[in-house]
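Bear in mind these aren't lab numbers, they're just calculated from the coordinates by the rules spelled out. Just so it is clear, the model here is predicted, and its values are computed rather than measured. Here the Cβ positions follow ideal geometry from the backbone for every residue, glycine too, while neighbour counts run over all protein chains shown.
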Amino acid sequence: MTYRKNIVRKTSLIAVLFAIGLMIAVPVAVSAAKPSNNNDGLLPELQAVVPDSLQVVHTQQSDTLRFTNGIANTGLGHWQMEPTFPDGPDGNVVATQQILDADGNIVSEVVVSTYEWHEDHNHWHIADVTEFSVHSGSPDGPLVGDSNKVTFCVEDVYAMVGNSNTADRIFWDCTVSLQGVQAGWADQYHQSTPGNQVDITGIAEGTYYLVHNANPDGIFIEEDTTNNKAWTEFIVTHKNNGQVGITETGNTSCDDLPDSIYKPALCGEVTANRG
Ligand SMILES: [Cu+2]
């Protein structure tokens with residue numbers, strides 16, 4: 001909490017300006033101020049890693065699909081987010097995306113989201129980072145239950161090539177400082193993490209797709225928002241005791257991916273080497 005007060009003093013004026021600007025300027029800013037790689041700014045490129053380690057958690061009333069997921073940054077630039085805390089107890093914690101040049105200088109700043117306090121994780125998350133949904137028959141088939149748009153503490157968890165060690169992390173703090181994923185790295189949330197789930201209570205037997213859609217609303221600035229989905233196919237059966245059973249039958253989104261140095265990581269063949 002001490003840290004938070006320091007931040008508030010330091011950035012109170014900016015916080016007020018951003019809070020006002022958030023209401024009126026975000027849609028304009030996102031579309032008009034979008035930098036490109038031709039303009040000295042290096043953009044991140046967000047892609048979902050195929051969901052992995054699917055399991056069903058049963059309670060008396062419900063069946064919940066849980067899984068491990070990841071968000072990869074395959075772009076040239078870091079995905080760098082800065083919080084600005086309000087000057088008082090009310091108001092949003094503004095999330096500003098910072099675009100850097102090759103020397104690490106900030107060349108553009110755009111308010112894109114908010115930070116939200118996550119009680120279960122006991123740290124700050126960024127809103128609308130990603131979305132999970134289950135579809136019947138095909139990845140674009142009918143939605144089963146509700147989709148689950150989730151907040152994330154965004155950080156470097158593993159390097160997609162070489163599976164680098166901790167010393168190379170840039171973004172690792174979910175409290176008061178920058179969040180993000182550096183170029184060539186991925187964030188990962190384990191299947192046991194609260195929130196990594198979709199309610200599939202009442203699901204019929206059949207073939208389904210768990211779809212992970214990173215940056216689902218396109219609010220985060222990146223090279224290409226049309227390649228942000230990854231999915232895992234699974235078959236649902238009903239056991240004799242009435243419980244739902246699932247079998248993973250493929251990470252089918254990998255079939256569509258072009259070969260690249262990041263393909264093994266996007267296909268779940270490279271994973272975190274730490275918690
Ligand atoms: Cu968290």
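Things to note:
- Any hit, the stretch 134-144, residues being touching an Asp or Glu at 6+ places or on another chain (Cβ under 7 Å) and within 30 Å of Ser62 (Cα to Cα): no
- Residue match in the stretch 143-164 (condition: in contact (Cβ under 8 Å) with a residue 40 or more places away in the chain, more than 18 Å from Pro216 (Cβ to Cβ) and surrounded by fewer than 18 Cβ atoms within 10 Å (Cβ to Cβ)): yes
- Considering (1) surrounded by fewer than 20 Cβ atoms within 10 Å (Cβ to Cβ); (2) more than 18 Å from Val56 (Cα to Cα); (3) within 14 Å of the ligand (Cβ to nearest atom), the lone condition that Gly195 does not fulfil carries the number (2).
- Answer residue from the stretch 109-142, given it is over 19 Å from Gln191 (Cα atoms) and of a type in the set (Gly, Ala, Ser) and is nearest to the ligand (Cβ to nearest atom) among those: Ala127
- Residue within the stretch 208-219 that is surrounded by fewer than 19 Cβ atoms within 10 Å (Cβ to Cβ), part of a loop (DSSP other than H, G, I, E, B) and within 16 Å of the ligand (Cβ to nearest atom) present: no
- Among (1) more than 14 Å from the ligand (Cβ to nearest atom); (2) closer than 30 Å to Ile235 by Cβ; (3) among the hydrophobic types (A, V, I, L, M, F, W, C) - the single one Val161 does not satisfy: (2)
- Taking the stretch 220-250 as the range and being touching a helix residue (DSSP H, G or I) at 6+ places or on another chain (Cβ under 8 Å) and surrounded by fewer than 16 Cβ atoms within 10 Å (Cβ to Cβ) as the test, no residue passes.
- Some residue of the stretch 143-156 being closer than 20 Å to Tyr189 by Cα and touching a Lys or Arg at 6+ places or on another chain (Cβ under 9 Å): yes
- Hey, Asp140 part of a loop (DSSP other than H, G, I, E, B) and among the charged types (D, E, K, R) or not: yes
- Subset of the stretch 192-207 (residues that are part of a loop (DSSP other than H, G, I, E, B) and at negative phi): Ser192, Thr193, Pro194, Asn196, Ile200, Thr201, Ile203, Ala204, Glu205
- Residues in the stretch 42-67 that are part of a strand (DSSP E or B) and polar (S, T, N, Q): Gln47, Ser53, Gln55, Thr64.
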